[in-house]
Amino acid sequence: MIGMRSTPIETVICQNLALLPIPKATTTRPSGYDATYAYGFTWSVTTGVTDLACFWVIYKVVHSPFSLYLNNSTSQILSMQALKNTIAENTGIPGAHQLAKPEHQFTLDNVPDLTGKVAIVTGGSEGIGLASATTLLKHGAAKVFILSPSPEHAEEALQFFEKELGITVVDRVTWVPCDLADWAQTRSVASLLASQNDRLDILLNIAGRGIMTAQRNQYDIDLHMALNHFGHVILTSTLLPLLKKTAESGSTVRIVNAGSNLHESAPKETRFTDVAELNKDFGPNGQYGRTKLAAILYARYLARHLSSSHPRILANAFHPGFVITRQSTEHIHEPYPILGWGNNALYPLKKDIWDGSVSVMYIATMTERSGEYICPPAIPEPGSDLSRDESLGEQLMELTKQVLKSKASIDLEFY
C-alpha cells in the first residue's frame, strides 16, 4: 500500500533510476529492418530520453502492484530489483533487458534449434507476431502457418521473410486468411489445419484488437472479447487433439497467449457472469484490459486441466512490454484522437518488435513450466489478483462454452 509521505516518491524513484547500471545494448536487429513491415524506428539515447524514462518508471511504480511501502515518516523502502524489472519489462531503453536477474535473462539468440517443428502464429503478418514468426523460421521451424485477415499485410510479411531469410524460407511459410472474430471461419480454418498436419508443436495466440472503442461482432458479442478471447479459444480447442497427439509422441508442446500488464486495467468488478456483462462498455482501456486478463486466466486454466493428463503441453501467457506496433501507433488514435499523439511521443521508450517478442519466444521454445505469466526478457510475474483467481478462470470458460454454443452453435471440449 502507499501511505502518506513527506518526500515525493517521484524524487526517490528518479534518484534511484540515476544509480541504475544501464548496460550497453547488445541486441542485434535483423539487417534491412524496415518500418513498412515491422513498424521499427531508430532513436538515439539522450538526456531527454532519460527524463522520459523517469516519467515512465514513476508511472509504472505508482500505478502497479510493486513491493513499495511508505510510512508516515521519511523512510521509504523500494526494491531496486523491482525498479530494474520495471525498466526491463516495459521499456526499450538500450540494455534494459540486462537489468533482469541472471536467471531471468534470455535473448533471441538463445532460441534453440527448431528443426522439424510446426508452428501456428495468429497475427503473424505484422508486429510482434511477425518478429516471432521470423525467429521461428530463422531457427529452423519446418512449417510456420500465419493466420491473419489482411492479404496486403500477408504479402508484405512474405516479402519481409524473403528479404531477411532468403527465398527458400518462403517455402516453409503458409498464410491462412482468418478473422478470429468470425467464429465459424476460425473453426473451419482450425479444422483444416488439424487435418492437414500430423503435428503441431507451437501455437502462438498473438493477434488481437487493441485499445479501441467498443463494438460488437456478427454474433453480437463485444468485439474485443470476440476476437482476443473467443477466437483463440475456438482455434486452440479445435487444434487440441493435434497438440495432444504431438505431446504423446514425446515432444514438448507450447501454447502461448498474449497477455499484457494492462490486464490490471480490467474492471475490478469483472466476474464473467453473463452476456450482459461481456457487452458492457468499460471504455477502451477497460475493454482491452479485460481481454488480456482473459488471456492469462485461459493459459492458467489450460495448465491446470492438462498438467495431469498431458504434462508435455505447456500453456503460458506473456507481456511484451511497451512496443512499437500498429496498435500503439495508429489504432490508438481511434479512441484518443488527440491524446494518442502523446503515446506516439514516447517512441524513445518503446521496445521494437524484436525486443517485444523476447518473452514470446522464451515461453514458445524454452520454458519447462506451465501456467506462468512471463514478462521481458524471461521474468515470471504473479499478475493481478484477478489473474490468479482460479474460480474466475473456471467461470470465464463456463461462460465461453455457453456463449459459443448459444450464439454460434459451436460446442467444444476445452481440455
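The values are calculated or read from the model by the stated rules, or taken from the named source; none is laboratory data. Keep in mind that this is a model prediction, so the values were computed, not measured. Neighbour counts are summed over all protein chains in view; Cβ atoms, including those assigned to glycine, are modelled from backbone coordinates with ideal geometry.
What about Ser370, is it buried (at least 17 other Cβ atoms within 10 Å of the Cβ) and either basic (Lys, Arg) or not in a helix (DSSP H, G or I) (or both)? First the steps, then the outcome.
Details: buried (at least 17 other Cβ atoms within 10 Å of the Cβ): yes; either basic (Lys, Arg) or not in a helix (DSSP H, G or I) (or both): yes.
Yes.
Residues of the stretch 147-160 include none that is in the same structural domain as Ala190 (by TED's automatic domain parsing), without any contact (Cβ under 8 Å) to a residue 60 or more places away in the chain and aromatic (Phe, Trp, Tyr).
Exactly one residue among Asp113, Asp179, Asp109 is exposed (fewer than 15 other Cβ atoms within 10 Å of the Cβ), touching a Gly at 6+ places or on another chain (Cβ under 9 Å) and not aromatic (Phe, Trp, Tyr), and that residue is Asp113.
Screening Ile379, Ile363 for residues that are under 14 Å from Leu204 (Cβ atoms) and of a type in the set (A, V, I, L, M, F, W, C) leaves exactly one candidate, Ile363.
Can you find, within the stretch 194-217, the residue that is farthest from Met366 (Cα to Cα) among those that are in contact with a strand residue (DSSP E or B) (Cβ under 7 Å, 6 or more places away or on another chain), among the charged types (D, E, K, R) and surrounded by fewer than 22 Cβ atoms within 10 Å (Cβ to Cβ)? Walk me through how you get there before you give the answer.
We begin by selecting, within the stretch 194-217, every residue in contact with a strand residue (DSSP E or B) (Cβ under 7 Å, 6 or more places away or on another chain); these are 197, 199-208, 214, 216.
Next, from what is left, pick out any that are among the charged types (D, E, K, R): 199, 201, 216.
Now narrow it down to the ones that are surrounded by fewer than 22 Cβ atoms within 10 Å (Cβ to Cβ): 199, 216.
On the way: Arg199: 19, Arg216: 37 Å.
For the stretch 194-217, the residue satisfying everything is Arg216.
Would you be able to say whether some residue in the stretch 264-279 is within 23 Å of Tyr362 (Cβ to Cβ) and either touching an Asp or Glu at 6+ places or on another chain (Cβ under 6 Å) or at pLDDT 95 or above (or both)? Checked against the condition, which is being within 23 Å of Tyr362 (Cβ to Cβ) and either touching an Asp or Glu at 6+ places or on another chain (Cβ under 6 Å) or at pLDDT 95 or above (or both), the stretch 264-279 yields at least one hit. Selection over the stretch 366-386 of residues that are among the hydrophobic types (A, V, I, L, M, F, W, C) and under 16 Å from the mean Cα position of the chain (by Cα) gives a count of 4. Condition test on Ile363, is it under 24 Å from Thr186 (Cβ atoms), under 19 Å from the mean Cα position of the chain (by Cα) and in the same structural domain as Pro284 (by TED's automatic domain parsing)? It is true that Ile363 is under 24 Å from Thr186 (Cβ atoms), under 19 Å from the mean Cα position of the chain (by Cα) and in the same structural domain as Pro284 (by TED's automatic domain parsing). Only one of the numbered conditions (1) of a type in the set (Asp, Glu); (2) within 30 Å of Leu243 (Cα to Cα); (3) over 17 Å from the mean Cα position of the chain (by Cα) is not met by Asp355, and that is (3). From the list Gly95, Gly123, the one residue that fits, being at pLDDT 95 or above, at positive phi and outside the structural domain of Thr236 (by TED's automatic domain parsing), is Gly95.
Which of the following residues is crowded, with 24+ Cβ neighbours inside 10 Å and farther than 25 Å from His331 by Cβ: Ala133, Ala119, Ala100, Ala82? Steps first, answer last, please.
Values: Ala133 fails: farther than 25 Å from His331 by Cβ; Ala100 fails: crowded, with 24+ Cβ neighbours inside 10 Å; Ala82 fails: crowded, with 24+ Cβ neighbours inside 10 Å.
Testing whether each residue is crowded, with 24+ Cβ neighbours inside 10 Å and farther than 25 Å from His331 by Cβ leaves just Ala119.
Filtered by the rule that a residue be surrounded by fewer than 17 Cβ atoms within 10 Å (Cβ to Cβ) and touching a Gly at 6+ places or on another chain (Cβ under 9 Å), the stretch 139-153 gives Gly140, Ala142. Got at least one residue in the stretch 268-280 being part of a loop (DSSP other than H, G, I, E, B), buried (at least 20 other Cβ atoms within 10 Å of the Cβ), assigned by TED's automatic domain parsing to the domain that holds Gly116 and polar (S, T, N, Q)? For the stretch 268-280, residues part of a loop (DSSP other than H, G, I, E, B), buried (at least 20 other Cβ atoms within 10 Å of the Cβ), assigned by TED's automatic domain parsing to the domain that holds Gly116 and polar (S, T, N, Q): present. Quick check: anything in the stretch 381-395 at pLDDT 95 or above, touching a Phe, Trp or Tyr at 6+ places or on another chain (Cβ under 9 Å), of a type in the set (A, V, I, L, M) and closer than 23 Å to Asn279 by Cβ? Checked the stretch 381-395: at least one residue is at pLDDT 95 or above, touching a Phe, Trp or Tyr at 6+ places or on another chain (Cβ under 9 Å), of a type in the set (A, V, I, L, M) and closer than 23 Å to Asn279 by Cβ.
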